[in-house]
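In what follows, a structure is listed as structure tokens, so that the remarks can point back to it.
The values are calculated or read from the model by the stated rules, or taken from the named source; none is laboratory data. Just so it is clear, the model here is predicted, and its values are computed rather than measured. Backbone-built Cβ (ideal geometry, glycine too); neighbour counts: all protein chains shown. What goes into the accessible areas is simple: the full protein's heavy atoms, side chains included, and nothing from ligands, DNA or RNA. Shrake-Rupley method; radii C 1.70, N 1.55, O 1.52, S 1.80 Å.
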Amino acid sequence: MNLALPLEFQLPSEYYQRIQEVSALAESMNLTPYLVGGAVRDLILRAPFRNDCDMTFTGGSISRLAETLAKKWNFKHLNYAQFETHTLLSSEDFHLDLITARSETYSKPGALPKIARGDLNSDLERRDFTVNAMALDLTRKNWGKLIDPLGGLQDLKQKTIRVLHRKSFVDDPTRIFRAARYAGRFGFKLELQTEKFVRSAIGKKMIQQLSGDRIRTEIEKILIEENPSKAVSFLSKWNALRAIHPQIGWSSTIAKTMNSTRTSKIQNISAIAVRMALWLAQNSGFTAESVLERLNFTKDVRDRIAQPLLLHIAFQNSYPMESIPVSSLYPETSRVFEALISVNKSSKGSRGWKSFQKWMSVKPELSGRDLQKMGFKPGPVYKEILMKLRLKKYRGALSSKEDEMRFVIDNYRRN
Ligand code: CTP
């Protein structure tokens, strides 16, 4: 099979031209270039391009190749020497990984692999699934020729996720999340043995070998999928969620709510925050907090997730507005409530959210300066008076600045 045409017409032209340039330069340095991994899979599936290409080279070190290109294109160059991988990045989000063909061994489950230079076959054999273990020959002579020693094409046609060996999920338990993500994204099923291996690795508590950061990275990748709930449903079916946190729940309602936020316009970080909040909204505050801790989210994302959860709990328990410690709203918070309200039809939640939006918009007419002019000495009483005014105004008991002044004069003593 030759994929020269899809390569030319499915890839954005900037990627295509740069891949041509990399390949020609590599050949002039006696390296053999290949396109590998997800980009090959997506070309065959005619799936949308994902802004990220991996190229593998055989024939020696690729340091000079990467340095030359980075200089010529004026791209940022990251060198992961430990993995003989170079990443070239442009300011416009162009992302190209250049990798020396290698084999991998794992010293213990969940550890990062030790690598050794290898040929193309060993580089394909170290990969996660057959559908991700195909390459395109990018030499001038064989431009676009598919190399598929492990049956990836057949599995793509049969919509099947299949590992390359029985220890794959034990060596690298992040592949459990990857299997769920691809099965969810493409509507594929796991091949029978592969599903047994997944369940066995989960049963042997392999996910627990991963750091919170590595699990979070996988969860984040799932949450920015167009339809994340399918992948999470697989994880739930395999009993993998318990390994993240014993109390984390999953239900068809959460799935529906999460999917209702589907929009390509949501930025990654927002999609992660909105969807994670929707996922955790049915849990107790305590569970939600310990899930966020386990996954070690950054402070910013954590705050964005926590705000709607805090409000949700406050509304469910009818906390008084003035006791809710939120002074400004993240845009994600509205998205979470819109989704919760449209799917769950929870009257407490929607009433609470409406009231809270009104509460946030209410500001007393009087300011601290006005209180000073009225003869009140600055101090903690200002805060008390202004809060009282806000509450009265929110309840409709005060409608003008004069009303507010009257209320203050009648109820507080000047000193
Ligand atoms: N890979 C692997 N095991 C992992 C991670 C990655 O074998 N735990 C290999 C796979 O061959 C994969 C390639 O490295 O195709 C690139 O990984 P990544 O960029 O994460 O995935 P893509 O296949 O590009 O898929 P996508 O970005 O669409 O998820």
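Tell me, how many Å apart are the Cα centres for the stretch 217-252 and for the stretch 340-415?
Using only Cα atoms to place each centre, the spacing works out to 42 Å.
So which residue, out of Lys388, Lys159, Lys204, gets the largest mean-square fluctuation from a GNM of the chain using Cα contacts under 10 Å as springs?
Evaluated over the chain, the most mobile residue of the options is Lys388.
Give me the 1.4 Å probe accessible area per residue for the chain, excluding ligands and nucleic acids, in Å².
50
In a GNM of the chain with a 10 Å cut-off on Cα contacts, which of Ala111, Ala281, Ala201 has the highest mean-square fluctuation?
Looking only at Ala111, Ala281, Ala201, the biggest GNM fluctuation is shown by Ala111.
Which of rounded, prolate or oblate describes the stretch 370-411 when judged by the alpha-carbon gyration tensor and an a/c cut-off of 1.5?
Values: a/c = 2.48, a/b = 1.49, b/c = 1.66.
Oblate.
Among rounded, prolate and oblate, which fits the chain when a ≥ b ≥ c are the square roots of the eigenvalues of its C-alpha gyration tensor, a/c under 1.5 means rounded, and a/b larger than b/c means prolate?
Prolate, because a/c is 1.5 or more and a/b exceeds b/c.
Quick one: Kirkwood hydrodynamic radius for the stretch 85-169, alpha-carbon pairs, angstrom, one decimal?
Computed over Cα pairs of the stretch 85-169, the Kirkwood hydrodynamic radius comes out at 14.7 Å.
Please report how many Lys pairs in the stretch 99-197 have alpha carbons closer than 29 angstrom, counting only residues at least 8 apart along the chain or sitting on separate chains.
So the count works out to 17.
If the chain between Gln267 and Ser90 were fully stretched, how many nm would it gain, using 0.36 nm times the residue separation less the Cα-Cα distance?
61.8 nm
Classify the stretch 148-189 as rounded, prolate or oblate, taking a ≥ b ≥ c as the square roots of the eigenvalues of its Cα gyration tensor: rounded when a/c is under 1.5, otherwise prolate if a/b is larger than b/c and oblate if not.
It is oblate, given that a/c is not under 1.5 and a/b is not larger than b/c.
Given N residues in the stretch 9-70, what is its alpha carbon radius of gyration divided by 2.2 N^0.38 Å?
1.15
So if I place +1 on the C-beta of Lys and Arg and -1 on the C-beta of Asp and Glu, and nothing else carries charge, what would the dipole magnitude of the stretch 227-373 be about its Cα centre? I want it in debye, nearest 20.
440
For the chain, what relative contact order do you get, as a whole percent, if you take Cα pairs closer than 8 Å and at least 6 residues apart?
Reported as a whole number, the value is 9 percent.
Among Gly368, Gly151, Gly349, which one shows the biggest mean-square fluctuation in a GNM of the chain, springs joining Cα atoms closer than 10 Å?
Fluctuation is largest for Gly368.
Using just the helices of the chain, give the 222 nm mean residue ellipticity in deg cm²/dmol: DSSP H runs with n ≥ 4 each add -39,500 (n - 2.57), and the total is spread over all residues, rounded to 500.
-16000 deg cm²/dmol
Provide the per-residue ³J(HN,Hα) series for the stretch 359-372, in order, calculated from phi with Karplus coefficients 6.51, -1.76, 1.60 and θ = phi - 60°, each as a whole number of Hz, with x at glycine and proline positions.
3J(HN,Hα) across the stretch 359-372, in whole Hz: 4, 5, 8, 7, 10, x, 6, 6, 10, x, 4, 4, 4, 5.
Pop out the carbon and sulfur fraction of the accessible area of the chain as a percent, whole number, probe 1.4 Å.
About 49 percent, which is the carbon plus sulfur part of the accessible surface.
Quick check for you: which residues of the stretch 142-162 have the amide N under 17 Å from the point 7 Å beyond the Cα of Ser13 toward its beta carbon?
No residue qualifies, since no backbone N sits under 17 Å from the label point.
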